[in-house]
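Note sheet for the following structure.
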Amino acid sequence: MSTSALSQPNGQGPATYVSVVIPVFNEVDSIRSLYTKLRSAMEPTGYSWEVVFVDDGSTDGSSALLRQLHAESDRVRVIEFRRNFGQTAAMVAGFDHSRGEVIIAMDGDLQNDPEDIPRLIDKLDEGYDVVSGWRAHRQDGFWLRRLPSRVANWLISRTTGTYLHDYGCTLKAYRRETVNQLKLYGEMHRFIPAILGGNGARVAELPVMHHSRRYGRSKYGIARTIRVLLDLLLVKFSLSFMTKPLQIFGLIGLASFLPGLAICVTLVFQRVFMVQTLADRPLFLLGILLSVLGAQFVSLGILAEIQIRTYHESANKPTYLIRQILDAGRPGSAEYTASREKKTPEIVSANGGLARVGEQIG
């Protein structure tokens with residue numbers, strides 16, 4: 001992934017094209033005010049920009065209002081789901097259908113402030129791939145929202161190694177090339193910085209404003225904590241053992257098999273040489289159980305290893321990610337020209353495509 005400087009709106013070349021992705025679910029009272037604030041924040045910057053509203057199966061009239069905004073402004077793009085698929089799916093759809101070099105994700109309930117977007121882009125231009133918003137003065141209840149959030153943020157940071165104060169803040173800035181590599185399922189949107197950071201992206205955090213909810217009610221409750229813990233286990237496995245599953249399953253298997261084997265050998269020795277009965281020794285059954293479980297875990301690790309290798313080799317998918325490639329040779333030399341012609345197709349197509357978008361829309 002590349003971390004080249006973003007084009008500033010100073011009149012020298014096309015300005016950076018910014019896409020603002022906003023998942024929406026039953027936010028009819030907030031949408032127009034949000035778009036007005038977004039336009040007021042973005043137009044003075046000089047950036048070329050668009051806003052991609054993703055209607056996640058709203059039933060309160062949000063769809064009709066979004067279609068009306070689309071008819072009023074050529075900056076508004078709308079993606080309508082057939083039903084409610086969840087915030088992760090909505091964000092993925094927004095990422096896939098956005099056209100900007102920089103992607104800003106934010107909530108549609110007016111709790112995130114569009115005035116923070118230029119600051120996020122400036123921070124991104126310092127060489128980061130992801131800039132995550134931090135609601136330093138969060139306007140939510142302590143016991144049901146802020147306290148569980150602090151515990152979750154601490155746990156996620158310790159588990160993944162990407163330390164942030166606020167994983168739950170949707171307001172984030174991404175470079176296009178980082179989200180192009182994202183594959184999200186379930187409810188993994190809150191772990192995007194951890195996933196990207198675990199794959200080598202440069203992640204920064206920036207305090208942002210946070211407002212109390214003016215309309216409607218929150219779509220989340222304390223029950224989501226269990227789902228976060230389950231998703232965290234999946235993220236940890238994906239980051240640490242996705243390409244080497246035998247190391248985790250084999251370790252668990254050995255930790256079970258070796259004590260079980262030791263128990264069985266000891267009891268058999270006592271039975272053969274010390275003439276002790278095993279009929280009333282439950283410990284012997286425990287030894288057999290641990291040995292069998294250990295063998296099964298090792299076998300599972302071997303099968304997972306074979307499956308992972310088949311997946312990577314059949315899809316021709318590398319087990320590494322490249323930030324950038326520095327070409328050989330000096331500018332103007334034959335070696336330099338040849339190396340430029342062989343440059344990684346992904347990087348060339350990404351930069352070329354974004355330039356064309358800027359020329360057409362910016």
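Structural remarks
- In this structure, residue 271 does not qualify as more than 30 Å from residue 198 (Cα to Cα), open to solvent by 70 Å² or more (accessible area, probe 1.4 Å) and not in a helix (DSSP H, G or I).
- Residue pairs whose Cβ atoms lie under 8 Å apart, sitting 6 or more positions apart in sequence or on different chains, and linking a residue in region 54-71 that is farther than 10 Å from residue 31 by Cβ and without any contact (Cβ under 8 Å) to a residue 24 or more places away in the chain to a partner that is open to solvent by less than 60 Å² (accessible area, probe 1.4 Å) and of a type in the set (Val, Ile, Thr), are 67/78; 70/76; 70/78.
- Scanning region 216-253 for residues that are farther than 30 Å from residue 168 by Cα and exposed (fewer than 15 other Cβ atoms within 10 Å of the Cβ) yields a total of 2.
- Selection status of residue 226, part of a helix (DSSP H, G or I) and modelled with pLDDT of 95 or more: no
- Within region 276-289, the set of residues being touching a residue at least 24 places away in the same chain (Cβ under 8 Å) and in contact with a Leu (Cβ under 8 Å, 6 or more places away or on another chain) comprises just one member, 287.
- Enumeration of residues in region 274-314 that are under 28 Å from residue 242 (Cβ atoms), of a type in the set (Val, Ile, Thr) and open to solvent by less than 90 Å² (accessible area, probe 1.4 Å): 292, 298, 302, 308, 310
- Region 158-191, subset more than 12 Å from the chain's Cα centre (by Cα) and free of Cβ contacts under 8 Å to residues at least 24 places away in the same chain, residue nearest to residue 242 (Cα to Cα): 158
- Search result, residues across region 135-151 that are touching a strand residue (DSSP E or B) at 6+ places or on another chain (Cβ under 9 Å) and surrounded by fewer than 15 Cβ atoms within 10 Å (Cβ to Cβ): 136, 137, 139
- Residue within region 256-265 that is under 29 Å from residue 237 (Cβ atoms) and in contact (Cβ under 8 Å) with a residue 40 or more places away in the chain present: yes
- Which numbered condition residue 178 fails, given (1) assigned to a helix (DSSP H, G or I); (2) surrounded by fewer than 16 Cβ atoms within 10 Å (Cβ to Cβ); (3) of a type in the set (Ser, Thr, Tyr): (2)
- Answer from 247, 296 - the residue that is at pLDDT below 95 and either outside any loop (DSSP other than H, G, I, E, B) or in contact with a strand residue (DSSP E or B) (Cβ under 6 Å, 6 or more places away or on another chain) (or both): 247
The values are calculated or read from the model by the stated rules, or taken from the named source; none is laboratory data. Here the structure is a predicted model, which is why all the values come from computation and not from measurement. Glycine gets a Cβ as well: all are built from the backbone with ideal geometry, and neighbour counts include every protein chain shown. Only protein heavy atoms, including side chains, enter the accessible area calculation; ligands, DNA and RNA are left aside. Shrake-Rupley method; radii C 1.70, N 1.55, O 1.52, S 1.80 Å.
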